[in-house]
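For reference, the structure is listed below as structure tokens.
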Amino acid sequence: MAINNINNMANNRLQNSGSSQSVAGKTGSDVAATDGRATAAKTDSVSLTNEAQQLQQMQKSLSASTTGNESRVESLKKAIASGEYKVDSERVAKKMSAFEGQLDKLLG
């Protein structure tokens, strides 16, 4: 979603109101100086809550950090791409069952 520039909106209103003075290409302060109806240039502002600032900081730190598993991930990618990686279905089933048991305990 784009935020419209208030100065441009003021210029458009002045042009559309039949003003005898041309305001095209002027900034809000220029309009205020040339047209008595425009009092002052307004600016847009945005403020973030503390929670949003903390979330933004966490996202930055997480994207900058490394897990130390890059070499393992890279070797797994190569093994999968070459068809050498084999899934141990019994091990996967045991881990899924253990996870479900833990989840049942947590959720009751």
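The values are calculated or read from the model by the stated rules, or taken from the named source; none is laboratory data. A quick note: this is a predicted structure, and the numbers were derived from the prediction, not measured. We place every Cβ from the backbone using ideal geometry, glycine too, and count neighbours over all the protein chains shown. All accessible areas refer to the heavy atoms of the entire protein, side chains included, with ligands and DNA or RNA removed. Shrake-Rupley method; radii C 1.70, N 1.55, O 1.52, S 1.80 Å.
Points worth noting:
- The mean accessible area for residues of region 60-106, using a 1.4 Å probe and ignoring ligands and nucleic acids, is 96 Å² per residue.
- Once the chain from Val87 to Leu55 is taken as fully extended at 0.36 nm per residue, the excess over their C-alpha distance is 7.9 nm.
- Estimated inter-spin distance, Ile80 and Leu62, nm [label 7 Å along Cα→Cβ]: 2.0
- Here r is the Cβ-Cβ distance between Leu103 and Ala41 and R0 is 41 Å; the resulting FRET efficiency, rounded to 0.05, is 0.10.
- Sequence-distant lysines (8 or more away, or on other chains) whose Cα lies within less than 28 Å of Lys42: Lys26
- Partner lysines for Lys95 [C-alpha distance under 27 Å; skip if fewer than 8 residues away on the same chain]: Lys77, Lys78, Lys86, Lys105
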